[in-house]
Amino acid sequence: MTDAALADLAEAAGVAPRWRDVHGAWHTVAPDTLRVVLGALGLPAGTDVAARGSLALLRQGAGSLAPLVTARAGQPTRLAAQPGRYELHMEDGSVQDGMLGDADGMAELPAILVPGYHRLTVGGRQVTLAVAPGRCFSVQDIAPDRRLWGLAVQLYALRRQGDGGLGDFGSLQDLVGPAASRGAAAIAISPVHAQFSADPDRFSPYSPSSRMQLNVLHTRLDMAGGDGGDLVDWPSAGRARLAALRRLFDTADAGTLGQLAAFRAREGDVLETHARFEALHAHLFGADPGLWHWRTWPAEYRNPANPAVAAFAQEHADAVSLHAFMQFAADRSLGDAQRAARDAGMPIGLIADLAVGADSGGSHCWSRQSETLLGLSIGAPPDLLSISGQNWGLAAFNPRGLVQNGFGAYIELLRSAMRHAGGVRIDHALGLARLWVVPDGASAADGAYIAFPTEDLLRLIALESSRHQAVVLGEDLGTIPDGFQDRMRDVGVMGMRVLWFERSPDHGFTAPRTWSPGAAAMTSTHDLATVAGWWSGHDLEWRSRLNLLGDDGNKARIWAERTRDRGMLWSAFHASGAAEGGQPEPWDAVPAVDAAIRHTAASDCEFVILPIEDALGLAEQPNLPGTLDEHPNWRRRLPGLAANLLQAPEVAARLDGLNATESTA
């Protein structure tokens with residue numbers, strides 16, 4: 001087919017045939033890339049005949065009613081249906097009926113006032129009507145006209161005696177009480193999604209097997225020995241913890257087994273499919289390292305609905321039950337941590353972190369193949385952060401698959417994240433609008449943007465947030481689609497205002513009183529330098545050591561910019577009242593840490609999140625993007641036991657400063 005016809009098909013499917021970079025220049029996506037992306041969406045475009053069929057399929061779908069339709073409470077909803085009579089069965093059992101109106105050739109359902117998942121019958125077809133409140137549950141719902149704050153913590157980094165060298169939900173319980181006593185409303189934790197029990201060498205929290213299940217290694221366990229060294233030895237600690245969970249399963253009493261049976265019945269197919277995957281993965285990968293990815297498994301095991309999978313599960317019932325038990329133990333342990341946080345007085349408690357995608361070789365993609373973009377990885381186009389673009393090696397939801405399946409996997413995902421949390425952080429929230437996808441084997445620059453049903457996703461977030469009374473944060477950092485932050489704000493999803501990025505056109509740092517009120521202010525994130533690391537240049541020393549700064553000329557420029565930025569930041573601290581006196585030397589980071597926290601606390605944002613590394617004045621950051629084993633990503637442990645971390649006078653003073661600025665504008 002012609003390139004123009006291919007571009008027309010791509011646009012109709014929500015695949016952008018062109019994209020604009022950070023400098024405003026436009027780039028055309030290669031035809032071969034468009035064909036691969038369209039194919040992953042279930043729209044073959046390799047030949048003219050295939051492309052015409054795909055376009056006809058799109059047009060046919062546009063005129064039919066989807067299995068789930070979202071609506072906003074109090075507003076009419078347009079439907080892809082003919083005007084006529086409708087019947088609405090509400091969640092509370094009541095029934096409404098009436099006539100659909102006619103609006104610009106589409107049927108219009110009168111406004112429904114009650115949020116919930118209702119059953120709509122129209123034209124002989126029954127669909128789910130998901131009616132969302134106007135906004136998410138918010139900080140203002142919890143504490144009107146008062147600012148709240150919380151700490152951000154990498155869970156694996158926490159220590160307690162007997163943790164076996166890996167932070168868990170038990171060490172998290174040890175932290176919540178002291179944090180609450182200092183005034184913290186929340187603890188935002190790193191992702192606790194399920195990893196691969198058969199391969200403890202894989203441990204990045206942002207590259208999980210499943211985002212709907214838990215990392216069982218974080219279950220509270222009492223292990224032999226102390227609290228380990230300065231770095232987590234994930235393979236060693238993981239194998240020891242899996243062995244301990246096996247012993248607990250083997251010695252479980254009748255009461256525990258009864259609770260497990262009830263848990264399995266309640267969780268249903270979502271848990272059962274994951275447990276089967278874990279058992280299959282251990283069986284196949286354990287026998288042949290070449291069978292790590294499910295797409296390399298024998299054909300009969302590549303689809304969870306194949307009878308061979310059920311036969312395997314029956315033959316290996318003990319292994320499947322073990323993995324279900326481990327999820328049960330982890331779920332109970334995480335629930336204990338959230339209850340401890342609320343009992344200690346935290347109005348929010350835990351804030352879960354929802355990774356942007358999952359490893360394509362994991363249980364989530366295996367179990368939800370029709371709702372996953374297989375053959376594509378998500379990332380970012382070339383930008384100021386990475387001139388070559390980024391490929392994160394993660395699979396994302398298929399937007400067409402989500403719509404066709406009534407957003408089932410997405411709703412499950414939200415419910416899983418909010419079940420034992422008072423809030424959720426959505427990693428790379430820009431993915432609610434569009435994602436940069438890269439065909440397998442291609443360079444990160446040879447990708448394309450695909451659009452997502454933003455309005456539907458935001459409404460479902462608002463509905464689940466309201467039902468769980470969980471606040472929602474969205475990481476809105478990067479190349480932001482036009483108007484997206486306004487849509488986030490309108491629905492009550494808090495953006496993130498990070499000190500390092502709050503800059504004016506002349507590169508100066510902006511006054512905190514100009515930061516967005518409906519957002520969360522923070523000094524840094526897990527992917528960026530800590531305040532002490534930035535002020536001292538420790539982050540640049542790491543990058544220089546790993547040859548990430550380019551040639552000598554580029555290194556000199558970057559170091560000179562840091563010297564300039566230090567001066568600008570200290571001036572901003574003076575202007576906001578966060579600092580006095582002369583600018584400290586680079587090696588004297590403590591005054592900068594204290595001032596940065598006061599500066600951030602002076603923002604107009606309704607919520608403040610302080611990374612615990614900054615509360616403690618640490619120079620090392622949890623993750624250094626662009627590295628794998630060269631930097632100890634996701635391995636650093638915090639100094640001291642979780643129960644005692646906040647006792648030092650300088651730490652207490654920093655947290656007290658957050659309490660001193662409570663009111664918002």
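The values are calculated or read from the model by the stated rules, or taken from the named source; none is laboratory data. The model shown is predicted, which means the values in this text are computed figures rather than measured ones. Using ideal geometry, Cβ is built from the backbone for each residue, glycine included, and neighbour counts are taken over all protein chains shown.
What to note about this one:
- None of Ala572, Ala579, Ala592, Ala596 is in contact with a Ser or Thr (Cβ under 7 Å, 6 or more places away or on another chain) and surrounded by 15 or more Cβ atoms within 10 Å (Cβ to Cβ) except Ala596.
- Single condition Leu38 does not satisfy, out of (1) closer than 17 Å to Pro453 by Cα; (2) surrounded by fewer than 19 Cβ atoms within 10 Å (Cβ to Cβ); (3) without any contact (Cβ under 8 Å) to a residue 40 or more places away in the chain: (2)
- When the test is whether a residue is part of a loop (DSSP other than H, G, I, E, B) and either surrounded by fewer than 19 Cβ atoms within 10 Å (Cβ to Cβ) or in the same structural domain as Ser370 (by TED's automatic domain parsing) (or both), Gly74 passes it.
- Matching residues in the stretch 429-459 - criterion: being crowded, with 24+ Cβ neighbours inside 10 Å and in a loop (DSSP other than H, G, I, E, B): Gly447
- Across the stretch 1-11, the qualifying residues are those that are small (Gly, Ala, Ser) and modelled with pLDDT under 90, and the one among them that is surrounded by the most Cβ atoms within 10 Å (Cβ to Cβ) is Ala7.
- Just one of the listed residues (Ala308, Ala313) is more than 23 Å from the chain's Cα centre (by Cα), over 26 Å from Leu245 (Cβ atoms), modelled with pLDDT of 95 or more and outside any loop (DSSP other than H, G, I, E, B), namely Ala308.
- Residues that are at pLDDT 95 or above and over 30 Å from Asn659 (Cβ atoms) do occur in the stretch 180-193, at least one of them.
- Scanning the stretch 596-622 for residues that are in contact with a Phe, Trp or Tyr (Cβ under 6 Å, 6 or more places away or on another chain) and closer than 30 Å to Leu231 by Cβ yields one hit, Val608.
- Where Ala520 falls short, out of the listed (1) in a loop (DSSP other than H, G, I, E, B); (2) modelled with pLDDT of 95 or more: (1)
- Residue count for the stretch 642-656 under the criterion of being surrounded by 17 or more Cβ atoms within 10 Å (Cβ to Cβ) and within 16 Å of Gln173 (Cα to Cα): the result is 4.
- Applying the criterion of being assigned to a helix (DSSP H, G or I) and free of Cβ contacts under 8 Å to residues at least 24 places away in the same chain to the residues of the stretch 565-597, the residue that is farthest from Ala615 (Cα to Cα) is Gly567.
- Condition check for His27 on (1) within 30 Å of Cys136 (Cβ to Cβ); (2) in a strand (DSSP E or B): one failure, at (1).
- Filter pass, Ala132 being in contact with a helix residue (DSSP H, G or I) (Cβ under 6 Å, 6 or more places away or on another chain) and small (Gly, Ala, Ser): yes
- All positions within the stretch 527-549 that are of a type in the set (Asp, Glu) and in contact with an Asp or Glu (Cβ under 6 Å, 6 or more places away or on another chain): none
- Filtered residues of the stretch 273-288 (kept if surrounded by 14 or more Cβ atoms within 10 Å (Cβ to Cβ) and more than 29 Å from the chain's Cα centre (by Cα)): His283, Leu284
- Of the numbered criteria (1) on the phi < 0 side of the Ramachandran plot; (2) modelled with pLDDT of 95 or more, the one Gly14 fails is (1).
- Answer from Leu155, Leu148 - the residue that is within 23 Å of Glu606 (Cα to Cα), of a type in the set (A, V, I, L, M), touching a residue at least 24 places away in the same chain (Cβ under 8 Å) and surrounded by 15 or more Cβ atoms within 10 Å (Cβ to Cβ): Leu148
- Strands (runs of 3 or more DSSP E) wholly inside the stretch 83-137 that include at least 3 residues being touching a residue at least 12 places away in the same chain (Cβ under 8 Å) and surrounded by fewer than 20 Cβ atoms within 10 Å (Cβ to Cβ): 85-89, 95-99, 101-103, 116-122, 125-132
- A count restricted to the stretch 271-301 and to residues that are of a type outside the set (S, T, N, Q) and touching a residue at least 24 places away in the same chain (Cβ under 8 Å) stands at 18.
- Taking the numbered list (1) in the same structural domain as Ala421 (by TED's automatic domain parsing); (2) within 30 Å of Ala143 (Cβ to Cβ); (3) surrounded by fewer than 20 Cβ atoms within 10 Å (Cβ to Cβ) in turn, Asp527 passes all entries but (1).
- Where Leu463 falls short, out of the listed (1) outside any helix (DSSP H, G or I); (2) surrounded by 21 or more Cβ atoms within 10 Å (Cβ to Cβ); (3) touching a Pro at 6+ places or on another chain (Cβ under 7 Å); (4) not aromatic (Phe, Trp, Tyr): (1)
- Between Glu278, Glu267, the distinction of being closer than 23 Å to Gly393 by Cα and among the acidic types (Asp, Glu) belongs to Glu278 only.
- When each of Leu291, Leu384 is tested for being under 23 Å from Gly238 (Cα atoms) and either of a type in the set (Lys, Arg) or over 20 Å from the mean Cα position of the chain (by Cα) (or both), the lone residue that passes is Leu291.
- Only one of the listed residues (Ser236, Ser209, Ser204, Ser190) is of a type outside the set (D, E, K, R), within 29 Å of Leu628 (Cβ to Cβ) and either without any contact (Cβ under 8 Å) to a residue 60 or more places away in the chain or touching a Leu at 6+ places or on another chain (Cβ under 7 Å) (or both). That residue is Ser190.
- Qualifying residue in the stretch 50-66 (condition: in a loop (DSSP other than H, G, I, E, B), in contact (Cβ under 8 Å) with a residue 12 or more places away in the chain and surrounded by 12 or more Cβ atoms within 10 Å (Cβ to Cβ)): yes
- Residue among Gly167, Gly226, Gly162 that is on the phi > 0 side of the Ramachandran plot, in a loop (DSSP other than H, G, I, E, B) and in the same structural domain as Ala421 (by TED's automatic domain parsing): Gly162
- Residue within the stretch 408-427 that is assigned to a loop (DSSP other than H, G, I, E, B) and on the phi > 0 side of the Ramachandran plot present: no
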